[in-house]
Amino acid sequence: MVYTFKIFRFDPKKDTRPYEQEFLVDLGDEEKITVLDALFKIHQSQDKTLSFRYCCRLAMCGSCALVINGREGLACKTLVKDLDSGPISLKPLNHIPIIKDLTVDLKSLINRLKKIEPYFIPRTPSVEPAKIKPTSKERQTIGLNTECIACGSCVSACTMMHWNPDYIGPMGLNRAFCLIVDSRDLTDKRLERVADENGIYRCHMEFNCTDVCPKHLSPTRGIHYLKRQIFWQEMKNLNPFRRGRNR
Amino acid sequence: MVNEKEWTLKRDAGDAQIWRKTLPGMWAWLFQRVSAILILLFLTLHFFLPYRRPLQFLLLLVVAFHAALGIRVFLIDLGASVKSQKILFIVFLLLAAFGLFFVWNYLPLGG
């Protein structure tokens, strides 16, 4: 079966403006052909200058995240047969600078993560591995949000990124949530760092991040958990009878 | 580089495909913002034209939807499961419609 792909093309070294290029690809009758397979075929047989990113091909690494027919998704996981009939549009992720064609510069994603120190800092050093019961309240609160593969789909889907380029974004805030809820983590200032107009208060609950996440996570859940934490902390601070309150 | 400018794409509001892919969470956000602006508009008109039934209906309509979606936001802020956000959108839209019908037909509004 022949599919039509309309692919975003742009080489900053040569092109003054982006444009769309159409490719006709015969993908046969195989049911499990993915968008990534189609890109391989185009690259091998029609245009070797087409630039796109991939790595594991198993929906584990997040490298191949694209905007497919207007919706963020992983090229290696999206079956061509599941897409709408008609031309298939492929564009790079939104809100992230474009290097070439479908490849974006992930430095901007990493810089957003750096703002929240996205690494675990142990409160108490230990040589023994941590024992975390699956039934523990903290583990259940964090849930699957630790499974984030940092593909950037949520950042691309979030319209708040459009209005505020300094917004940490759902990916960074999700990571902050996982670390803040973890009582083993040392950094007490992490919650304060995300409690501003470039952090959790920029989230207006559109749920686009939750809708497009290929791992079915909900950064919105994490962000709203943090909002509640800050709210109750501030309520306690307002209580004049709170023990130990500095006057 | 021919083009020194850094190119970044944004979600194109003019792309019909984007709108077809828009899901309830985004619609709820959009309806609530648009209804807020419409409340300001209709309320202002209502001050100058207080006894116009169509205007009263429109004002009641946008207030009902804005309030219903606001309650949905409130519930999610308080900790309602994010998995329920789509169902809450539909349920509260229906509650708004029901509330509107009830208030318009059964409450004395001085019409």
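Could you please find all residues in region B:10-60 being of a type in the set (Lys, Arg), more than 30 Å from residue A:221 (Cβ to Cβ) and part of a helix (DSSP H, G or I)?
Once the filter is applied, which keeps residues that are of a type in the set (Lys, Arg), more than 30 Å from residue A:221 (Cβ to Cβ) and part of a helix (DSSP H, G or I), region B:10-60 yields only B:53.
Please go through region B:1-56 and give me each residue that is closer than 30 Å to residue A:13 by Cα and of a type in the set (A, V, I, L, M, F, W, C), ordered by number.
Matches in region B:1-56: B:1, B:2, B:7, B:9, B:13, B:18.
Out of the residues in region A:173-192 that are aliphatic (A, V, I, L, M) and assigned to a helix (DSSP H, G or I), which is farthest from residue A:113 (Cα to Cα)?
Top of the filtered list is A:181.
Residue under question is residue A:229, and the condition is that it be away from every other protein chain (no Cβ under 12 Å), farther than 27 Å from residue A:67 by Cβ and modelled with pLDDT of 90 or more; does it hold?
No.
Residue A:197 is checked against (1) within 14 Å of chain B (Cβ to nearest Cβ); (2) free of Cβ contacts under 8 Å to residues at least 40 places away in the same chain and fails just one. What number does that condition carry?
That leaves (1) as the condition not met.
Would you confirm whether any residue within region A:23-38 is free of Cβ contacts under 8 Å to residues at least 60 places away in the same chain and either in contact with a Gly (Cβ under 9 Å, 6 or more places away or on another chain) or assigned by TED's automatic domain parsing to the domain that holds residue A:215 (or both)?
The answer is yes; a qualifying residue exists.
Can you confirm whether region A:130-150 contains a residue that is at positive phi, surrounded by fewer than 22 Cβ atoms within 10 Å (Cβ to Cβ), not in a loop (DSSP other than H, G, I, E, B) and not charged (D, E, K, R)?
Yes, there is a match, as at least one residue in region A:130-150 is at positive phi, surrounded by fewer than 22 Cβ atoms within 10 Å (Cβ to Cβ), not in a loop (DSSP other than H, G, I, E, B) and not charged (D, E, K, R).
Working only within region B:77-98, note down all residues that are under 17 Å from residue B:30 (Cβ atoms), out of contact with any Lys or Arg (no Cβ under 9 Å at 6 or more places or on another chain) and either within 14 Å of chain A (Cβ to nearest Cβ) or loosely packed, with under 13 Cβ neighbours inside 10 Å (or both).
Result: B:86, B:90.
Where the second residue is part of a helix (DSSP H, G or I) and modelled with pLDDT of 90 or more and the first is under 26 Å from residue A:145 (Cα atoms) and lies in region B:65-83, which pairs have Cβ atoms under 6 Å and are six or more apart or on separate chains?
Listed pairs, sorted by first residue: B:72/B:88; B:72/B:92; B:82/A:220; B:82/A:221.
For region A:5-36, enumerate the residues that are more than 14 Å from chain B (Cβ to nearest Cβ) and surrounded by fewer than 18 Cβ atoms within 10 Å (Cβ to Cβ).
Of everything in region A:5-36, those that are more than 14 Å from chain B (Cβ to nearest Cβ) and surrounded by fewer than 18 Cβ atoms within 10 Å (Cβ to Cβ) turn out to be A:21, A:22, A:24, A:26, A:27, A:28, A:29, A:30, A:31, A:32.
Quick test for you: out of A:76, A:55, pick the one residue that is surrounded by fewer than 18 Cβ atoms within 10 Å (Cβ to Cβ) and assigned by TED's automatic domain parsing to the domain that holds residue A:99.
Unique residue meeting the criteria: A:55.
May I ask you to list the residues in region A:58-117 that are more than 14 Å from chain B (Cβ to nearest Cβ), without any contact (Cβ under 8 Å) to a residue 60 or more places away in the chain and farther than 18 Å from residue A:212 by Cα?
A:81, A:110, A:114
Here are the criteria: (1) buried (at least 16 other Cβ atoms within 10 Å of the Cβ); (2) modelled with pLDDT of 90 or more; (3) in the same structural domain as residue A:155 (by TED's automatic domain parsing). Tell me which single one residue A:115 does not satisfy.
The single condition residue A:115 does not satisfy is (2).
Could you say whether any residue in region B:20-29 is farther than 23 Å from residue B:95 by Cβ, within 14 Å of chain A (Cβ to nearest Cβ) and aromatic (Phe, Trp, Tyr)?
No: region B:20-29 contains no residue that is farther than 23 Å from residue B:95 by Cβ, within 14 Å of chain A (Cβ to nearest Cβ) and aromatic (Phe, Trp, Tyr).
Can you go through A:29, A:47 and tell me which one is over 27 Å from the mean Cα position of the chain (by Cα), in a loop (DSSP other than H, G, I, E, B) and more than 29 Å from residue B:6 (Cα to Cα)? Explain how you work it out, then say what you get.
Details: A:47 fails: more than 29 Å from residue B:6 (Cα to Cα).
Unique residue meeting the criteria: A:29.
Assuming residue B:31 fulfils every condition listed in (1) crowded, with 16+ Cβ neighbours inside 10 Å; (2) touching a residue at least 24 places away in the same chain (Cβ under 8 Å); (3) over 20 Å from residue A:205 (Cβ atoms) apart from one, which condition is it?
That leaves (3) as the condition not met.
Report yes if some residue within region A:50-62 is touching a Phe, Trp or Tyr at 6+ places or on another chain (Cβ under 6 Å) and among the polar types (S, T, N, Q); otherwise report no.
no
Against the condition touching a strand residue (DSSP E or B) at 6+ places or on another chain (Cβ under 6 Å) and either aromatic (Phe, Trp, Tyr) or modelled with pLDDT under 95 (or both), how does residue A:59 come out, does it pass?
So residue A:59 fits the description; yes.
The values are calculated or read from the model by the stated rules, or taken from the named source; none is laboratory data. Because the structure is predicted, anything quoted here is derived from the model rather than measured. Methodologically, a virtual Cβ is constructed for each residue, glycine included, from the backbone with ideal geometry; neighbour enumeration extends over all protein chains shown.
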